[in-house]
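The values are calculated or read from the model by the stated rules, or taken from the named source; none is laboratory data. What you see is a predicted model, and the numbers here were worked out from it, not measured in a lab. Using ideal geometry, Cβ is built from the backbone for each residue, glycine included, and neighbour counts are taken over all protein chains shown. Side chains are part of the model used for accessible areas, which takes the heavy atoms of the whole protein and leaves out ligands, DNA and RNA. Shrake-Rupley method; radii C 1.70, N 1.55, O 1.52, S 1.80 Å.
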Amino acid sequence: MNAYAPTAVSKEIASRLRGQIARYDVSQAELAMVCGVSQSQFSKIIRATRPMTVDMLAAICDALGIDMGDLIASVEALISNQALHASPVSYVDEEVRLDVPFVWGPDTLDTWGREALARINNVPGPSDTQDDYDLVAKKRSKDRGEDLE
């Protein structure tokens, strides 16, 4: 079973790359060769069911004539407007290290973020319900010596 859970950013990047592949009629086999993977693996990567390395992204962007920085910036702007976060915690805000990391709520995390938060807090399985987040909050408070009751 594949345990990879792509972030909203990964999904959007893959979607945009698929659009450009179709637009310019480039085959997956051609791009797989550029990336040094099989066509089957490339198909999984471009559907965001397998992770894409930065090197692969750079090679695909070069092959399709896409500026990788512009692609990432436009995807990041879209995801920011949707208020989704891939990381369940923020350690830095406006270039300042936070004394206590900020923990995002369930409504602002994408699937990867929810699963990462569960891993951080040793909660088994994906945390998709408010009860799971309440459990995480209680565990964190207990770890800090606080009482939430």
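If the condition is being touching a Phe, Trp or Tyr at 6+ places or on another chain (Cβ under 7 Å), among the hydrophobic types (A, V, I, L, M, F, W, C) and within 23 Å of Gly113 (Cα to Cα), then the stretch 1-57 contributes only Ala5. Within the stretch 50-75, being open to solvent by less than 50 Å² (accessible area, probe 1.4 Å) and not aliphatic (A, V, I, L, M) holds for Cys61, Gly69, Ser74.
Residues checked against (1) closer than 20 Å to Leu84 by Cα; (2) modelled with pLDDT under 75:
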residue	(1), (2)
Val100	no, no
Pro106	yes, yes
Leu117	yes, no
Val123	no, yes
Asp128	yes, yes
Asp134	yes, yes
Ser141	no, yes
Leu148	no, yes
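Looking at (1) exposed (fewer than 13 other Cβ atoms within 10 Å of the Cβ); (2) in a helix (DSSP H, G or I), find the lone condition where Gln20 falls short. For Gln20, the exception is condition (1).
Report every pair of residues separated by at least 6 positions or lying on different chains whose Cβ atoms are under 9 Å apart, first residue within the stretch 58-76 and closer than 20 Å to Ser27 by Cα, second outside any helix (DSSP H, G or I) and hydroxyl-bearing (Ser, Thr, Tyr). Note: pairs meeting the criteria are Leu64/Tyr24; Gly65/Tyr24.
Residues of the stretch 77-123 that are under 30 Å from Val26 (Cβ atoms) and polar (S, T, N, Q): Ser80, Asn81, Gln82, Thr111.
Name the helices (runs of 4 or more DSSP H) wholly inside the stretch 32-131 in which the number of residues that are of a type in the set (D, E, K, R) and under 15 Å from the mean Cα position of the chain (by Cα) is 1 or more. Working first, answer last.
Working: elements: 39-46, 54-64, 68-81, 111-120.
Output list reads 68-81, 111-120.
Apart from one condition, Lys11 fits all of (1) open to solvent by less than 70 Å² (accessible area, probe 1.4 Å); (2) part of a helix (DSSP H, G or I); (3) not β-branched (Val, Ile, Thr); the exception is (1).
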